[in-house]
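Below: the structure, in structure tokens.
The values are calculated or read from the model by the stated rules, or taken from the named source; none is laboratory data. In this text, all values refer to a predicted model and were calculated from it rather than measured experimentally. So basically every Cβ, Gly included, is an ideal-geometry build from the backbone, and we count neighbours across all protein chains shown.
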Amino acid sequence: MSNIKLIFLNTTKFLGDYDFEKYELKFYKNKYFLEIHELIDFCYPNNRPDYSHIKSSKKVLNFDSLETWMKHIKKLNLKFKLIVWFQTLPSNFKILKLYTFLKSQNIRVILTHHGSLPFSEVKYKLYQSLLRIPYRLKMLLKRPKELISWYRKFYINYYINSKKQLLPDFIVTNGSKKFETYKKKNLHKTKIISINSWDFSRYYKVKKTKKLESEKYVCYLSDGGPSAPSDSSLLGQGRNWSTKNYYKELTEFLKLIEKKFKCKVIISAHPRTSKDFEKKNLKYFKIVYGRTMDLIKHALFVVSAGSSSNSYSILFKKPCLFIHSNEYEKNPSNIIFKKLYAKSINSKIIDISKNDYKNDLKFPKTDNKKYKFFSKFYLKSVKSKKLPNFKIIKNEILDRI
């Protein structure tokens with residue numbers, strides 16, 4: 001048996017059963033003596049209440065101080081070849097401190113830069129720059145902590161990449177654009193590993209879907225609404241939306257879809273939102289939990305506010321309709337993401353706060369060329385296009401140490 005020990009490190013989000021499945025952690029549990037560490041109480045204090053409804057049946061080691069965690073790591077380092085896998089890029093100076101500690105102990109580090117926003121494609125650069133200007137100004141006035149956090153994260157990762165002694169051993173990222181961007185940086189001995197989006201990876205793992213409904217339906221990808229914990233929650237800035245207004249407009253829109261297209265609307269529940277909250281506010285529709293892939297595969301089309309699970313729409317070539325409203329307008333970063341996503345796959349955005357959409361609502365179309373482009377450059381692995389991520393990580397990292 002291997003003497004490699006893998007540490008999966010959470011610094012921003014509490015790990016629930018959904019995350020355990022998403023990151024395919026069960027496949028590392030035995031051979032690589034997997035331990036899951038959470039340092040959110042140290043990295044982002046007072047964030048725990050936002051995740052109080054998240055269920056976790058897996059063993060997770062929670063550390064509330066850096067000193068306690070360091071002692072634990074030093075003990076493990078005497079017995080094993082340690083490799084620490086960061087669930088995301090370092091985002092504040094506390095996380096940078098624990099990262100530099102690992103490098104000082106000569107412990108191998110994996111950083112994860114994962115996501116589906118087309119940030120690096122040349123043809124979108126000018127569009128992105130122009131798009132961001134008004135929303136950056138809004139963020140500066142209304143949500144300054146969020147804007148400062150973005151620039152802080154950028155600086156921290158620029159700092160890591162500029163110091164040879166701090167460079168990670170591995171960076172895992174999805175899609176060829178980010179892969180090519182990292183390759184051009186010439187990061188000394190850092191190995192860039194191209195994986196698939198987590199949604200694509202899940203499909204490659206199970207290789208089949210199940211039809212859950214016999215009737216025609218449209219799938220709405222819930223974003224969790226006003227109560228869902230998000231990146232802004234880490235900064236003490238939850239979504240300052242009106243629950244009443246948000247669900248009133250959403251319900252009216254979804255009912256119109258049912259009437260106009262003579263079908264049901266089924267809600268694919270958000271994994272980080274309280275079930276009771278969604279049942280209360282989306283009571284007119286059937287809500288399904290943990291079956292997003294199955295729902296999208298057999299849907300007529302998909303409605304989304306910008307969910308990352310929209311990648312299933314790309315995978316199964318399903319038409320997609322994005323929605324916007326006055327409540328979403330309060331979150332500038334969401335608007336930027338949504339507009340870039342919709343433009344990149346040639347999908348329409350409907351503002352459900354305006355009544356004019358009621359006369360113009362049409363069945364959305366699929367731009368297969370744009371979908372193929374998006375899939376290749378932002379979702380698929382460069383080399384291992386149909387392998388689940390755990391196999392890629394085992395083959396390219398763990399089995400080569």
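Run down Phe80, Phe93 and say which single residue is touching a strand residue (DSSP E or B) at 6+ places or on another chain (Cβ under 6 Å) and of a type in the set (Phe, Trp, Tyr). Every option except Phe80 fails the conditions.
Select, from Asn395, Asn355, the only residue that is outside the structural domain of Leu254 (by TED's automatic domain parsing) and either touching a Leu at 6+ places or on another chain (Cβ under 9 Å) or not in a helix (DSSP H, G or I) (or both). Just one listed residue meets the conditions, Asn395.
Residues in region 34-59 that are under 20 Å from Pro90 (Cβ atoms) and charged (D, E, K, R) were compared, and the one that is modelled with the highest pLDDT is Glu35.
Just one of the listed residues (Lys338, Lys370, Lys348, Lys343) is touching a residue at least 24 places away in the same chain (Cβ under 8 Å), assigned by TED's automatic domain parsing to the domain that holds Cys263 and touching a Gly at 6+ places or on another chain (Cβ under 6 Å), and it is Lys338. Residues in region 245-274 that are in a helix (DSSP H, G or I), under 20 Å from Tyr217 (Cβ atoms) and among the charged types (D, E, K, R): Glu252, Lys255, Glu258, Lys259, Lys260. Taking region 167-224 and the strands (runs of 3 or more DSSP E) fully enclosed by it, the elements with 3 or more residues that are within 26 Å of Asn106 (Cα to Cα) are at 170-174, 191-195.
Residues of region 297-309 that are on the phi < 0 side of the Ramachandran plot and outside any strand (DSSP E or B): Lys297, His298, Ala299, Leu300, Phe301, Ala305, Ser307, Ser308, Ser309. Scanning region 138-166 for residues that are among the aliphatic types (A, V, I, L, M) and surrounded by 18 or more Cβ atoms within 10 Å (Cβ to Cβ) gives Met139, Leu147, Ile156, Ile160. The condition (being modelled with pLDDT of 95 or more, within 21 Å of Ile192 (Cβ to Cβ) and β-branched (Val, Ile, Thr)) is satisfied by just one residue among Val122, Val84: Val84.
Just so you know, in region 195-225 the residues that are among the aliphatic types (A, V, I, L, M) and within 22 Å of the chain's Cα centre (by Cα) include one that is nearest to Asn245 (Cα to Cα), and it is Leu221. Within region 358-391, being under 22 Å from Val303 (Cα atoms), of a type outside the set (Asp, Glu) and assigned to a helix (DSSP H, G or I) holds for Lys358, Asn359, Asn368, Lys369, Lys370, Tyr371, Lys372, Phe373, Phe374, Ser375, Tyr378, Leu379. Restricting region 202-256 to residues that are among the β-branched types (Val, Ile, Thr) and within 20 Å of Gly306 (Cα to Cα), the residue that is modelled with the lowest pLDDT is Thr243. Among the residues making up region 14-35, those that are assigned to a loop (DSSP other than H, G, I, E, B) and of a type in the set (Ser, Thr, Tyr) are Tyr23, Tyr28, Tyr32. Across region 81-91, the number of residues qualifying as surrounded by fewer than 17 Cβ atoms within 10 Å (Cβ to Cβ) and either of a type in the set (Phe, Trp, Tyr) or not assigned by TED's automatic domain parsing to the domain that holds Leu102 (or both) comes to 0. The residues of region 280-296 that are in a helix (DSSP H, G or I) and exposed (fewer than 15 other Cβ atoms within 10 Å of the Cβ) amount to a single one, Lys280.
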